[in-house]
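Just below is one structure, and these are the notes that go with it.
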Amino acid sequence: MMDGKMQDALNGQLNAELYSAYLYLSMESYFESKDLSGFANWMRVQAQEELAHAMKFYDYIIQRGGKITLSQVNGPPADWESPLVVFKHVYEHEQNVTSLINQLVNLAIALSDHATNNFLQWFVAEQVEEEESANAVLQKIKIMGEAPGGIFMLDSELAKRVFTPPVQTK
């Protein structure tokens, strides 16, 4: 059985991952409305990843004998000025999620909860990948500036991204 503070914090992260999925679905819709189906695909894959992350937290809480507490998920923004602004938002959001994961690790260490610390290490590594992926697209958009041909080439590249479910631990 895990400590109550840890359970509450993990439930908070579970809900944060659900918000992330909402955010990326909203971004997908934005890109669909701009006829940028490759960008939309990137966001759909991102939303699927966030839902998978949420389920990893869900399963872990259950596995440790904890209680799931789902809270209201706030609605994300629905419109952005440009693909550049969207990916700035994505990168900042992933940096925030990294901070949340780091706080969970710090709590697990403070509580000497070695099992949870071990569980969280997957997310520590995952966040390095998440930030790198978002920043890579952001940097490409910055380099191309306002060149519409560049956006369409990047759209074609982003259309190739596929969802690969994480290995289940349960």
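The values are calculated or read from the model by the stated rules, or taken from the named source; none is laboratory data. These numbers come from a predicted model, not from an experiment. In this analysis, Cβ positions are derived from the backbone assuming ideal geometry, glycine residues included, and neighbour counts consider all displayed protein chains.
Screening the candidates LEU23, LEU18, LEU51 for the property of being assigned to a helix (DSSP H, G or I), without any contact (Cβ under 8 Å) to a residue 40 or more places away in the chain and under 14 Å from the mean Cα position of the chain (by Cα) yields one hit, LEU51. The C-beta contact set for region 109-124 (first residue in contact (Cβ under 8 Å) with a residue 40 or more places away in the chain and in a helix (DSSP H, G or I), second residue surrounded by 15 or more Cβ atoms within 10 Å (Cβ to Cβ) and not charged (D, E, K, R), distance under 7 angstrom, 6+ apart or interchain) comprises THR116/MET2; THR116/MET6; THR116/ALA108; PHE119/TYR60; PHE123/ILE101.
The listed residues are ILE101, ILE68, ILE61, and the only one of them that is β-branched (Val, Ile, Thr), outside any helix (DSSP H, G or I) and more than 21 Å from ARG161 (Cβ to Cβ) turns out to be ILE68.
The C-beta contact set for region 63-85 (first residue farther than 29 Å from LYS140 by Cβ and at pLDDT 95 or above, second residue part of a helix (DSSP H, G or I) and of a type in the set (Asp, Glu), distance under 9 angstrom, 6+ apart or interchain) comprises THR69/ASP8.
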